[in-house]
1. Counting only protein chains, not ligands or nucleic acids, how are Lys249, Lys393 ordered by accessible area (probe 1.4 Å), most first?
2. For Gln248 and His197, what does the FRET efficiency come to when R0 = 56 Å and r is the distance between their Cβ atoms, rounded to the nearest 0.05?
3. Hey, can you rank 65-74, 118-127 by average C-beta count inside 10 Å, highest first?
4. Quick one: Cα centre-to-centre distance for region 310-345 and region 174-196, in angstrom?
5. Which order do the peptides 135-143, 352-360 come out in when sorted by mean C-beta neighbours inside 10 angstrom, highest first?
6. State the extension gain, in nm to one decimal, for the chain segment bounded by Leu28 and Thr255, taking 0.36 nm per residue of separation less the distance between their alpha-carbons.
7. How much length, in nm to one decimal, is gained on full extension between Lys262 and Glu308, taken as 0.36 nm per residue of separation minus their Cα-Cα distance?
8. Ranked highest first by the average count of other Cβ atoms within 10 Å around their residues, in what order do 50-56, 258-264 fall?
Amino acid sequence: MKSLFRIFNKSGKNSALLLGNGADIAFLLVVLSAFFSIFSTLAEISFFRLISINVLGVAYLLFGIYGFNYVQKRHLILVDGVYFFIQITIAVLILVLGNDRNSNLTINSLLLLPLVVQSVIILSRSWMLFYNIVIIIVYAVILMRLGEGMVLLAANFPIFFTGQIFIVFFTQMAVTEARSREKIERLVNELEEANDHLRDYAFKVEELAITQERNRLAREIHDGLGHYLTSINMQLQAAQAVMDTDPQKAQAGLTTARELTKNALADVRQSVSTLRLPMASNKYLSELIQQHLDSVAHGEVLIHFIPEGEEFQLDPKINWTLLRATQEGVNNALKHAQCENIHITLSFDFDKVELVIQDDGIGTTNYQGGYGLVGLQERVHLLNGSLEIQSGKQKGLRLKIGVPIV
């Protein structure tokens, strides 16, 4: 047995507070010293007394070590009371059986002192005081009944009482130190565990930040440069188709493609700037959308843009998101819808702004957006907005985005 004190931590697992291996050894030595004093001073001893004292002594030792360990684990007032009652009873029986005219009760009574130590370790302050009073009363009764009455009591009681106080005081110091050490060790373990969780959290945050930045880059490339390249490609294809039959129209297409290239470069610069800071612009959202629509080559398709409500300056993030949504919706309609008209409505309310893009194209019953739609959904989600898509065969496609501004 390596410990004389155990407590239970918050997780329910018992952890030992070591008061030192010498505590058990001290218990054993004190009891053996008392036994040596008993047997060395007995003038005569019968076989019955010899067997009885030895049996009681072994019981006192085993119960004082292993029984005490059990009592620590249970930590119940009733169990504590039974333990001390049994140990005090055994000690009294040993002193009675080992007493004769040559006995030194002062030394023999050392059997009671280990119980003082144990009472400090496992009992609360009030119960510890109670059992120590019981021990001192038992000691006094033994000296008066088995010794020379008040003469022996008056000579030895102060010494035993002083020793008892001394044991209580220094044992309490040892227990307090052991508890403090255990608490510090537990706090250190909890701190190390918290640091591990913090490192894991920091790693996950870093991974999330990297993922978000990658998605942001992908959205910027697709929604910006990707749309301009699509428009440029359409202009070049149109110019190539009429180059032999209508060189003037082909030249106009090439000129438009060149202008779109300049706009694409400007958009790339704007995207790079936006990756560092949110887009800053003094222009209203309707101006930004109209500027984009003017640069889009849409052939025979008519684009109708109608702002509704009293427009006011929005957060740059909202401007950027809805501008990208316009680019995505218009380019998808021009590429896939086979439409004649695209209607764009931008409406302002006191708590939200809505963008609706509606075409009169072929529509679909099973619309599955590509990466552009995924990126748009991510943009809108970051602003706590909503995105709705409605489409049907020969009914065109309707894209509606609502973003709160409060």
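1. Order by accessible area, largest first: Lys393, Lys249.
2. Efficiency for this residue pair is about 0.20.
3. 118-127, 65-74
4. Cα centroid to Cα centroid, the span is 61 Å.
5. Numbers: 135-143: 18.2, 352-360: 20.9.
Packing order, densest peptide first, comes out as 352-360, 135-143.
6. Gain on stretching Leu28 to Thr255: 71.2 nm.
7. Contour length minus Cα-Cα distance gives 13.5 nm.
8. So the order, starting with the most tightly packed, is 258-264, 50-56.
The values are calculated or read from the model by the stated rules, or taken from the named source; none is laboratory data. Because the structure is predicted, anything quoted here is derived from the model rather than measured. Virtual Cβ from ideal backbone geometry, glycine too; neighbours counted across all protein chains shown. Ligands, DNA and RNA are stripped out before the accessible areas are found, and what is left, the full protein with its side chains, is counted by its heavy atoms. Shrake-Rupley method; radii C 1.70, N 1.55, O 1.52, S 1.80 Å.
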